[in-house]
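Asks: What follows is a single structure, and I will ask about it in a moment.
The numbers here are math on the coordinates, done by the rules we state, and not lab data. Only a predicted model underlies this, so the values are computations on that prediction, with no experimental measurement involved. Note that each Cβ is placed from the backbone with ideal geometry, even for glycine, and that neighbours are counted across all protein chains shown.
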Amino acid sequence: MTHRIITQTDAQTRDLGFRMGQAITRPVSIALTGDLGCGKTTFVKGLARGLGVDRRYPVTSPSFTLINEYPAARGLRLCHLDLYRLASVEELAHIGFDDIAGTDAVIVVEWPALLKDDRFAFDLDLVFEFDPEYHRIISFFAYGQTGANMLSTIFS
Ligand SMILES: Nc1ncnc2c1ncn2[C@@H]1O[C@H](COP(=O)(O)OP(=O)(O)OP(=O)(O)O)[C@@H](O)[C@H]1O
Ligand SMILES: [Mg+2]
């Protein structure tokens, strides 16, 4: 079953992210798919707080750094990537991606196309779209049991 939520404000998108962050108890990988300005980073700002990233760490867009890392609660850390400026998947090695995949990292990726093409196994894909009123339509797709369990926690 596909879940779909419409948010009318950036605060609503942050709240949704917060709920997802709260539901994360172990390493997962989440793709955030959608055009410029559709709310991906806004969502991660909420997700980070729900995951217990301390308020003294401002959550900013990794569009230039490519990756931002934050210590989180429950023995996890948040690795927030934005691959918009990544020219090839080989460059991921330079930003240390191989060292975070499969560890204690919650991996959240904006502009994930290169990783998807490389068959990286995301647990969840969140697709952001604009509606005619400029609200955001956010659709949740789960791959495998981990993703499905998370969605049932959030939407139960
Ligand atoms: N319902 C909404 N949800 C999310 N953001 C919204 C919403 N309504 C308005 N906004 C505004 O839209 C902008 C979304 O920007 P954001 O940086 O989150 O997008 P993004 O998808 O990460 O873009 P990019 O691909 O450039 O990284 C913000 O300025 C935010 O305040
Ligand atoms: Mg962004």
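Asks: Within segment 2-11, how many residues turn out to be within 19 Å of Ser156 (Cβ to Cβ) and either in contact with a Cys (Cβ under 6 Å, 6 or more places away or on another chain) or part of a loop (DSSP other than H, G, I, E, B) (or both)?
Replies: From segment 2-11, those within 19 Å of Ser156 (Cβ to Cβ) are 2-5; that's our starting set.
With either in contact with a Cys (Cβ under 6 Å, 6 or more places away or on another chain) or part of a loop (DSSP other than H, G, I, E, B) (or both) added as a condition, the list becomes 2.
Count: 1.
Asks: Something else about it: Please enumerate the residues belonging to segment 96-107 that are of a type in the set (A, V, I, L, M) and surrounded by fewer than 17 Cβ atoms within 10 Å (Cβ to Cβ).
Replies: Step one: list which residues in segment 96-107 are of a type in the set (A, V, I, L, M), which gives 100-101, 105-107.
Residue satisfying the conditions is Ala101 alone.
Asks: What is the number of the single condition among (1) under 23 Å from Thr146 (Cβ atoms); (2) exposed (fewer than 15 other Cβ atoms within 10 Å of the Cβ); (3) not hydroxyl-bearing (Ser, Thr, Tyr) that Leu36 does not meet?
Replies: Against the list (1) under 23 Å from Thr146 (Cβ atoms); (2) exposed (fewer than 15 other Cβ atoms within 10 Å of the Cβ); (3) not hydroxyl-bearing (Ser, Thr, Tyr), Leu36 comes up short only on (1).
Asks: State the number of residues belonging to segment 1-56 that are in contact (Cβ under 8 Å) with a residue 40 or more places away in the chain, among the β-branched types (Val, Ile, Thr) and more than 15 Å from ligand 2 (Cβ to nearest atom).
Replies: Final tally of qualifying residues: 7.
Asks: Something else: For segment 12-43, enumerate the residues that are within 8 Å of ligand 1 (Cβ to nearest atom) and either among the hydrophobic types (A, V, I, L, M, F, W, C) or part of a loop (DSSP other than H, G, I, E, B) (or both).
Replies: Leu32, Gly34, Asp35, Leu36, Gly37, Cys38, Gly39, Phe43 - these are the residues of segment 12-43 that are within 8 Å of ligand 1 (Cβ to nearest atom) and either among the hydrophobic types (A, V, I, L, M, F, W, C) or part of a loop (DSSP other than H, G, I, E, B) (or both).
Asks: Something else about it: Which one of Phe122, Phe130 is in contact (Cβ under 8 Å) with a residue 60 or more places away in the chain, within 16 Å of ligand 2 (Cβ to nearest atom) and closer than 29 Å to Ser152 by Cα? Reasoning before the result, please.
Replies: Details: Phe122 fails: within 16 Å of ligand 2 (Cβ to nearest atom).
Residue meeting the stated conditions: Phe130.
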